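See structure below.
The values are calculated or read from the model by the stated rules, or taken from the named source; none is laboratory data. Predicted, not measured: the structure shown is a model, and the values here were computed from it. Glycine gets a Cβ as well: all are built from the backbone with ideal geometry, and neighbour counts include every protein chain shown.
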Amino acid sequence: MENNLSKPKIIRIKNKKTGVIYLYQNQHYWDSEKQQTRHIRRCIGKVDPNTQQPIYNHRYRTEQKMEHTIKEERVASIQPIGKILLLGKAFVQSKLSLHLKKVFSDDEVAMIKDLVFYLVSEDNQLSNANLWLMQNFADKKPQSFEAIKDLLKTLNKSRQNLFFESWAKPSSKTEHLLYDLASVASYKSHNSYLYYGHNRDTQALELNNIVIVTDKRSTRPRNYTVLGGTMRDIPTLNILPFRMGLPSLESSTLVLNRIFYARQRIHTLIQEGQKFLIRVPSQKKWLANSINEHKAEILEKPSFTSREGTTLQALTVPEQGVGLVHIYYEASWREEQKRNLSNVLFACKSELLENNLVDEHERLYDEYFEVKYSPKGFRRVMFRQDPQEVFEKSNAGFWALLTNSEEDAEQALHTYLTRNHLEAEWDNMKNQEDCRLMEVNDPYIFSGRAFLQFLALVMTSYMDSALNENEKGGYEEALTTMASYARVRFENLMHETFTKPTEQQKRIASIFKLKLIE
């Protein structure tokens, strides 16, 4: 009934015996049982017989005063602060604040911190940072694009080197992972501000190569460098210790982009005693033979779930003269490939007809199609046999990592997937808007932009490590959880209040020693 009540309305009713006019607060509702309108009334005062003005009783006056106060309090500013509090703690606890202050001024550190917070929180272009900062900092003044661009210029290599001297002092005893990332490309659309390069799939895309060094045990990022183009040769590897501040590559395991794969390069690495981990391109015939030989054994292996939530089966087999091959099978990936088969084969057929071949589809051309020519020289493309039958016999869902250092298949998988995660974080830094508004395509400005991305990586790595130790998911989930914790300020009152933290927010806060006001 209460949900069906009308809004309160004041009515006047005259007592016929005394002549006094009483004031009533009236609300009506529909009585479904009696099929008629019913009223709820309560007396709230009377009318002055001389002035005809209402005289409200004490109860009604008190209620109106409280309602007026509540209405005033509703004019409030609500500022989400959960993310900012969490990021602030991580910024200090990761020791970024300490080391940045050794090189940069307080104003520079404050601006660096704001932009890094944005990069950690949002997967978006840097030119949108101002809007996010104003939404999350009540008293934050917007920074002009020129100011951000000037900051990026000041984060030059000489100042970065001073930071890295403090942040990552070389040690021959520490084991490292050196990740080769083909990133920074503008994948979303062609960017006229950039020149073309080639990515790991030999597509013509605008990119630079990023190389990141992390401590193997702690996963703490310690340094990075930007290479032009892609890292396909041994001489490029040989200059990395100098550029990365490492004594040598002896204590490093190279986690390589698969475009680096070539038998000769792999044998050179082995001869030089260099540890490595690399994904084997799926079209390699020796890999297909190995999968076919061990397929039944792989499918009998117990399944396991990766830290990223993927269910797989794995088998490790020796590869003579090279090391170990970890062969993985993902049933979900095979099913996805099966669903997409028709579209992929249609694209392959068009490529064959137009003689516009794609390297990644080489295996599909061989397995599914036969190309013939008519007497007049016309190209004809036909299926060798029923595509579904070919698919059922195929090695879809199987893939492999080649290594001479990572003996455990699950650990090797985690290391490789970490590389993919890092690559995703560094993608699209040279997007069109940032090139247009802040000229990040300029090598000197891009150097500062890449440095900010490295600092964001330090933050996310630290947060993930702390959360994983407590089995509380990753940093993105933590930020989403903390997003609803807010500070409420009332315009007409002197105090402020905070939303009540949830149990999940309390658990995350305890991990980072963050005090939430209830």
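Here are some notes:
Per-residue answers, yes or no, for (1) at pLDDT 85 or above; (2) surrounded by 11 or more Cβ atoms within 10 Å (Cβ to Cβ):
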position	(1), (2)
N4	no, yes
R12	yes, yes
I21	yes, yes
Y24	yes, yes
Q27	yes, yes
E33	no, no
H39	no, yes
G45	yes, yes
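- Here the helices (runs of 4 or more DSSP H) wholly within the stretch 292-382 that include at least 2 residues being within 26 Å of T415 (Cβ to Cβ) and small (G, A, S) are 331-339.
- A single member of Q283, Q264 is in a loop (DSSP other than H, G, I, E, B), among the polar types (S, T, N, Q) and either surrounded by fewer than 19 Cβ atoms within 10 Å (Cβ to Cβ) or under 30 Å from the mean Cα position of the chain (by Cα) (or both), and it is Q283.
- The residue that is modelled with the lowest pLDDT, counting only those in the stretch 431-477 that are of a type in the set (D, E) and out of contact with any Gly (no Cβ under 8 Å at 6 or more places or on another chain), is E471.
- Residue pairs whose Cβ atoms lie under 7 Å apart, sitting 6 or more positions apart in sequence or on different chains, and linking a residue in the stretch 319-338 that is in contact (Cβ under 8 Å) with a residue 12 or more places away in the chain to a partner that is among the acidic types (D, E), are L324/E407; V325/E319.
- Residue within the stretch 501-514 that is at pLDDT 90 or above, hydrophobic (A, V, I, L, M, F, W, C) and in a loop (DSSP other than H, G, I, E, B) present: yes
- Some residue of the stretch 289-307 being surrounded by fewer than 12 Cβ atoms within 10 Å (Cβ to Cβ), farther than 30 Å from L254 by Cα, of a type in the set (D, E, K, R) and not assigned by TED's automatic domain parsing to the domain that holds S252: no
- Scanning the stretch 208-267 for residues that are β-branched (V, I, T), modelled with pLDDT under 80, in contact with a helix residue (DSSP H, G or I) (Cβ under 8 Å, 6 or more places away or on another chain) and under 24 Å from K169 (Cα atoms) yields a total of 0.
- Odd one out for D427 among (1) more than 16 Å from the chain's Cα centre (by Cα); (2) over 29 Å from R507 (Cβ atoms): (1)
- Some residue of the stretch 478-486 being closer than 30 Å to V322 by Cβ, at pLDDT 80 or above, of a type in the set (G, A, S) and buried (at least 22 other Cβ atoms within 10 Å of the Cβ): no
- Annotation for the stretch 270-279: at least one member residue is of a type outside the set (S, T, Y), in contact with a strand residue (DSSP E or B) (Cβ under 9 Å, 6 or more places away or on another chain), assigned by TED's automatic domain parsing to the domain that holds I212 and over 17 Å from A412 (Cα atoms).
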